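Report on the following structure.
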Amino acid sequence: MTGQLDQLFVSLKQWLVSFLPQAAQPMAGILLSISAIIGAFATMFAITTIMERKILGRIQNRLGPNRVGPFGLLQPAADGIKMLTKEDIVPFAADKLVHFLAPVVLIIPVALALAMIPYGRNMTAVDLDAGILFFFAVGSATELSVFMAGWSSQNKYSLVGAMRAIAQMISYEMPLVLSTVSVLMMAGTLSLPLIVQAQSGYIYEILPRWNVFTPWGLAGFVLFMIAATAESNRAPFDLPEAESEIIAGYLTEYSGFKYALFFMAEYWGLFAVSGLAVTLFLGGWNAPFPFLQWVPSWAWFFAKLGTIIFGFIWVRGTLPRLRLDQLMNFAWKFLLPMSLINIVVTAMWHFSRVFQFVGAREMRWVLCALVLAIPYFFLGRALGEGRPAKRNYKFAE
Amino acid sequence: MDLAFIIIAVLTLASAVAAMSLRNLVHCALCMVMTFAGIALTFLQLNAEFVGLAQLLVYVGAVAILIVFAILLTRSEDAKKEVRFVSSSTVVGFGVVALVAVSLLAAIQHTQILPPQSVVAPHVSVKRIGEQLMTNYVLPLEVIGLLLTAAMIGAVVIAMREPDPADSVDVQQRNGSPLKLDPDSKKTAVVANE
Amino acid sequence: MKPVGLEHYLVVSGLLFCLGLWGVIVRRNLLIIYMSLELMLNAANLALVAFSRFNNKLDGQVMVFFVITVAAAEVAVGLALIVALYRKKQSAHVEDLTTMKS
């Protein structure tokens with residue numbers, strides 16, 4: 001029973017495909033996987049937008065959308081209809097072709113990245129040997145799309161926003177990639193399903209063997225999540241959009257359906273990078289405890305994904321936006337050295353496996369955590385130096 | 001012939017032609033990105049997964065963005081200085097390129113190509129490339145690491161603004177560069193606040 | 001029709017190389033010349049990967065890996081040079097950079 005529920009979607013796909021002639025079956029299987037992923041994430045996009053507005057409303061002590069449908073739950077449908085029926089305005093001076101292509105160039109790589117993630121047992125749409133490399137390779141195309149959008153609009157706010165976005169994305173891509181290196185070192189593979197497999201099993205038959213429960217995994221997870229927030233242009237790293245300063249940056253000249261595409265691609269990128277975080281650090285579709293293994297694997301995956309997205313929303317509701325120089329200092333003077341140190345710590349962890357005396361496991365944990373904590377302390381202090389003295393607002397008080 | 005190969009090859013060549021002939025620099029750069037992506041796809045088609053993805057990561061992700069940045073930083077009235085269609089350099093260029101093309105194609109035509117080693121394409125895993133890099137090619141790998149470090153430091157040193165304040169302010173105003181906050185102006189703003 | 005063989009990849013690679021050469025000779029903007037150089041390197045890479053695939057040897061791919069890395073280093077330094085040059089001369093055209101000529 002549990003096995004059937006676990007493999008529900010896999011067997012459903014096989015059953016649907018079996019109606020077709022033999023020659024068409026592989027193609028049909030691929031198409032079915034693609035449509036399932038697109039459908040699932042389009043739904044999830046709708047749910048996330050309404051939940052984000054509701055949760056932000058709750059954090060800011062207001063109600064959030066509550067007019068359309070029961071508790072405002074049909075708000076995404078209303079938004080979608082509004083976006084689709086709005087006029088699509090293209091500025092007169094704009095470079096029409098590039099302006100049109102920018103959202104397309106954004107959404108395709110994001111959808112490709114979503115195809116790489118293992119959603120459950122035997123539920124990987126594309127199982128590449130170099131899966132994680134593929135993820136970052138297609139992810140790098142999003143920078144180009146941002147540039148195309150900003151440049152083709154022929155608007156200085158758009159260009160400023162695009163330049164900010166590209167500078168930010170390039171700076172934070174480095175810690176993002178480097179923080180995954182430690183996981184790859186320990187798993188010994190670039191394939192995402194195999195990385196999940198390496199995290200299965202339990203220590204002492206009860207504690208999960210997820211990467212996040214090791215010192216390097218925890219540090220890597222935190223670094224990865226910070227860099228991921230910046231990569232997906234979310235608050236507190238939402239300078240590229242910064243609606244209060246540069247009126248939504250590179251999206252300024254977009255309206256109607258193209259704007260909706262940008263919006264959706266941004267959320268899909270968020271889902272993809274959160275899914276990667278779940279896969280790399282939170283054990284993918286593995287259950288946290290052995291006695292919870294009856295819950296289907298895909299349910300675990302989406303539960304973890306939902307938790308991470310809730311975390312993103314919480315951070316957005318809590319932290320103020322950074323300044324550009326703070327943003328750059330943080331990436332280059334803190335995140336990058338920390339992720340390099342994390343790689344060294346991973347090597348220490350790997351080679352200290354040979355010690356087998358009593359308490360070796362605990363000692364290695366403490367030692368590695370210490371090697372991470374000391375540079376964390378000093379780098380954090382160095383980052384705080386040179387901060388201007390507290391300002392006096394004479395006339396405001 | 002394989003349909004996928006024809007489509008990718010034609011797209012790659014067409015975008016390369018466009019990149020070489022368009023007037024607008026940004027259009028050239030975008031077409032060039034398409035060419036790079038097409039070449040990466042050809043790599044993937046040749047079962048060279050790792051190299052193809054590395055190509056995508058380096059060229060589409062980094063090189064294209066750097067070139068685009070450089071185009072925006074070195075903006076000038078470029079259209080008027082670009083070549084007229086018939087000039088001495090075009091004629092010479094055409095001659096040289098035709099010569100090279102003919103000799104290359106002739107060389108390919110006359111080469112006795114060995115039969116492929118295996119009918120089924122070998123599955124080249126990332127692991128095998130990694131093993132090669134760590135055994136046979138360790139020394140080149142180290143040298144490449146050194147080269148990259150040197151290049152990075154060199155790029156920073158070359159592109160760094162000279163400390164002459166008058167000059168830098170001048171250039172900044174001319175470019176209208178909005179990216180860097182001038183430290184002096186920030187200070188004056190704070191003073192004005194107080 | 002014949003299946004796609006080594007010679008087809010070599011023809012594509014050769015044509016790309018010629019296009020890059022055309023760009024280097026004819027265009028006047030430094031950045032375009034730069035991109036054309038990259039295109040020539042890429043054409044050579046394509047030939048190397050094709051050789052590697054059809055001879056069932058990994059060395060070609062490792063070579064391409066090195067070429068990509070060197071190209072990345074070259075781009076970093078080269079673009080820095082172009083930007084520095086532009087700051088001095090306010091131009092990125094080869095015709096304006098003739099101070100070495102008497």
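No value in this document is a laboratory result; all are computed from the given coordinates. In this text, all values refer to a predicted model and were calculated from it rather than measured experimentally. Heads up, the Cβs are rebuilt from the backbone with ideal geometry, glycines too, and the neighbour counts pull from every protein chain shown.
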Please give the helix C:59-89 orientation as an angle from the longest Cα principal axis of chain C, in degrees from 0 to 90, rounded to the nearest 10. 10 degrees
Given the DSSP H assignment, sum -39500 (n - 2.57) over each helix run of at least 4 residues in the protein assembly as shown and divide by its residue total; what's the result at 222 nm in deg cm²/dmol, nearest 500? -22500 deg cm²/dmol
From the C-alpha coordinates alone, can you work out the Kirkwood hydrodynamic radius of the protein assembly as shown, in Å? 27.8 Å
Given all pairs of different Cα atoms, what value in angstroms does the Kirkwood hydrodynamic radius of chain A take? 23.0 Å
If you take every residue apart from A:Val68 with its C-beta less than 13 Å away from the C-beta of A:Val68, what net charge results, scoring Lys and Arg +1 and Asp and Glu -1? +3
Mean separation of Cα pairs under 8 Å and 6+ residues apart, divided by the residue count of chain A: what relative contact order is that in percent? 20 percent
From the cross-link list A:Lys82/A:Lys156; A:Lys304/B:Lys127; A:Lys304/A:Lys390; A:Lys86/A:Lys156, the entries with a Cα-Cα span beyond 32 Å are A:Lys304/A:Lys390
Under a 10 Å cutoff between Cα atoms, tell me which one of C:Ser52, C:Ser13, C:Ser36 has the largest fluctuation in the Gaussian network model of chain C. C:Ser52
Percentage of interatomic Cα-Cα distances in the range C:6-95 larger than 19 Å: 49 percent
Could you line up A:Tyr157, A:Tyr376 from fewest to most neighbouring Cβ atoms inside 10 Å? A:Tyr376, A:Tyr157
Net charge near A:Trp285: determine it from the other residues with C-beta under 13 Å of the C-beta of A:Trp285, scoring Lys and Arg +1 and Asp and Glu -1. +1
Summing +1 per Lys or Arg and -1 per Asp or Glu among the other residues with Cβ less than 15 Å from A:Phe351's Cβ gives +3
In the protein assembly as shown, with Lys and Arg counted as +1 and Asp and Glu as -1 at Cβ, which of these residues, C:Thr69, B:Ala16, A:Ile206, has the Cα nearest the positive end of the dipole, that is, farthest along it? A:Ile206
From phi via Karplus (6.51, -1.76, 1.60), per-residue ³J(HN,Hα) for the range A:54-59 in Hz, x at Gly/Pro: 5, 5, 4, x, 4, 5
Step through the residues of the range A:222-239 one at a time and calculate ³J(HN,Hα) from phi using the Karplus curve (6.51 cos²θ - 1.76 cosθ + 1.60, θ = phi - 60°), rounding each to whole Hz and writing x for Gly and Pro. 5, 4, 4, 5, 5, 5, 5, 4, 5, 5, 8, 6, 9, 4, x, 9, 9, 4
Exposure-ranked with fewest Cβ neighbours within 10 Å first, A:Lys258, A:Lys394 stand as A:Lys394, A:Lys258
Under 8 Å for C-alpha pairs, at least 6 residues apart: give me the relative contact order for the range C:6-95, rounded to a whole percent. 30 percent
If you take the charge dipole of the range A:89-382 about its Cα centre, with +1 on Lys and Arg Cβ and -1 on Asp and Glu Cβ, which of A:Met169, A:Phe334, A:Met116 is farthest toward its positive end? A:Phe334
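Using DSSP to define loop residues, name the chymotrypsin sites (Phe, Trp or Tyr not before Pro) in the range A:94-153 whose beta-carbon has at most 16 other beta-carbon atoms within 10 Å.
Nothing satisfies the criteria.
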Counted neighbours (other Cβ, 10 Å), sorted fewest up, put A:Glu385, B:Glu49 in the order A:Glu385, B:Glu49
For the range B:149-161, in residue order, the Karplus 3J(HN,Hα) values (coefficients 6.51, -1.76, 1.60; θ = phi - 60°; whole Hz; Gly and Pro = x) are 4, 4, 5, 5, 4, x, 4, 5, 5, 5, 7, 5, 5
In vacuo Debye sum over C-alpha of the range B:1-77, base-10 log of normalised intensity I(q)/I(0) at q = 0.13, 0.18, 0.19 Å⁻¹, listed in q order, is -0.43, -0.73, -0.80
